[in-house]
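Here the structure comes first, spelled out in structure tokens, and everything after it is commentary.
The values are calculated or read from the model by the stated rules, or taken from the named source; none is laboratory data. Because the structure is predicted, anything quoted here is derived from the model rather than measured. Cβ placement follows ideal geometry from the backbone for every residue including glycine, while neighbour counts extend to all protein chains displayed. Protein only, heavy atoms only, side chains kept; ligands, DNA and RNA dropped before computing areas. Shrake-Rupley method; radii C 1.70, N 1.55, O 1.52, S 1.80 Å.
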Amino acid sequence: MKYITHSSDVELVCKRLSDSDFVTVDTEFLRDNTYYPKLCLIQVADDQDAHAIDPLADGIDLSAFWELMRNEKVIKVMHACRQDMEIFFNEMQSLPKPIFDTQVAASVCGFGDSVGYETLVNKIAKKSIDKSSRYTDWSRRPLTDKQLDYAIGDVTHLRKVYRFLDKRITERERSDWMQDELGILTSVETYDIDPTKVWQRVKVRTNNPRFLGILIKIAEWRERQAIDRNIPRNRVCKDDVLLEICAHPPKVAEDLDKIRGLSKGFSRSKAGQTLKTYIDAALEVSDEDLPKLDRNKPRKQPPPMVDLLKVLLKIRCNEVGVAPRLVASAAEIETLATNPEADIRPVQGWRMDVFGKDALAMINGKMALTARDGQITVVEVD
């Protein structure tokens, strides 16, 4: 393992890695006090060597590494890579490609839902991981040998895990399944946050249109404040403060100082003045243009067919060795049970072959479950 702190070494290493079929990649970062994750270490390896690149080293230029991430001839292998991809998107303004996520691959190969890296290393590489350095402060320098050993293990063991899973996917002809599941991870929309839509993350117990109209605007205000100041959104203000403002919108700026959770004199600050502008804009929206959510209807009890479909899903997924959640979620099963004509994942593509056809047959009374010798089996109905 080589610890890299100079731009020239980054260039040399990445030039050599650009001739590799694949590289394993991981990052260490902090996000406690910032909106954007703070990149503290980059680990990268191929079959020959492993390297730890220090992005916090004085004057270091990571351009060569970003070019490696953009190199479509080199597969980027990561595990549970959503947060790593977010970091790369923020740094590169684009996404690495192509990628191979071993957590996704493991689900496709029947290792279960959201299987952890340590589990895969134990089962496939027959190695154990020392987790004692997992929650250390990766921004402090110098890094200890123990920290570097832990960090580099996240890419060295990954090589064997990748080769095993890649081979199994090829043997089972599931490359299309894999690419289908990588769609969300490789979409720019996943990481390009729209401040006008973040209000949907706030839990509300009302469908009052004016309340929701104010929430849309002030949640946008909070998100833009967090982005501009690079602080966590809850450091700007917490969700309960947003809800209080929605319930009692201030008539004048000074009313903001009466809201619990906002600092004394907040109304006179730049942030407070901007917030009042957003509130006023929300209050000026006409009733016809306010959002309308129907939350009054009581949720119907799922039909008994849902329980039968869940059993069928488990049986079929066990047979082919794939994680059930990869094929259908609980919500999708409920939808299918109540509306067999719905165009949803379980009746599309490879999922149709694994589960969808039999699910529709069961809904239409052409397939049933029966117990034989203590086992639940699927039988066709004449």
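Okay, here's what the table says:
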read-out	value
Cα-based shape type of the chain, given that a ≥ b ≥ c are square roots of the gyration tensor eigenvalues and the cut on a/c is 1.5	oblate
Fraction of beta bridges assigned by DSSP in the chain that are antiparallel (%, nearest 5)	65 percent
Check: the chain dipole with +1 on Lys, Arg Cβ and -1 on Asp, Glu Cβ, in debye	1240 debye
The stretch 326-382-the stretch 225-277 distance, computed between alpha-carbon centres (Å)	50 Å
Within the stretch 184-256, GluC sites (Glu not before Pro) in DSSP loop having at most 12 other beta-carbon neighbours inside 10 Å	none
Gain upon complete extension [PHE89, SER132; 0.36 nm per residue less C-alpha separation]	12.6 nm
The stretch 92-160: chymotrypsin sites (Phe, Trp or Tyr not before Pro) falling in loop per DSSP and having at most 14 other Cβ within 10 Å	TYR135
Choice from ASP358, ASP101, ASP228 showing the highest fluctuation, given a GNM over the chain with Cα pairs closer than 10 Å	ASP228
Local electrostatic count at SER114 - Lys and Arg +1, Asp and Glu -1, tallied over other residues with Cβ under 14 Å	-2
Inter-centroid distance (Cα atoms) of the stretch 40-100 relative to the stretch 196-214, Å	37 Å
Most positive-pole-ward Cα, TYR135, ILE184, ILE214, against dipole of the stretch 126-280 from beta carbon charges	TYR135
From phi via Karplus (6.51, -1.76, 1.60), per-residue ³J(HN,Hα) for the stretch 45-62 in Hz, x at Gly/Pro	8, 10, 5, 9, 9, 10, 9, 10, 9, 9, x, 9, 5, 4, x, 6, 10, 9
Model label zone, GLU171; criterion: amide N under 14 Å from point 7 Å along Cα-to-beta-carbon; scope the stretch 114-130	124
Percent accessible area from carbon and sulfur atoms, the chain, protein chains only, probe 1.4 Å	47 percent
Distance (nanometres) between label positions extended 7 Å along Cα→Cβ at VAL306 and ASP192	3.6 nm
Accessible area per residue in Å² at 1.4 Å probe, computed on the stretch 1-125	41 Å²
Nearest-20 debye value, the stretch 181-307 charge dipole, Cβ charges on Lys, Arg, Asp, Glu	580 debye
Global form of the stretch 181-323, assessed from the alpha-carbon gyration tensor, a/c cut-off 1.5	prolate
Solvent exposure of the stretch 266-382 as accessible area per residue, Å², 1.4 Å probe	63 Å²
Distance between modelled label sites at SER286 and HIS6, nm, 7 Å Cα→Cβ extension	6.8 nm
Distance between modelled label sites at GLU118 and LYS160, nm, 7 Å Cα→Cβ extension	1.8 nm
Loop GluC sites (Glu not before Pro), the stretch 287-382, which have at most 13 other Cβ atoms in a 10 Å radius of their Cβ (DSSP)	GLU341
Within-12-Å neighbourhood charge of ILE344 [Cβ basis; K, R +1; D, E -1]	-2
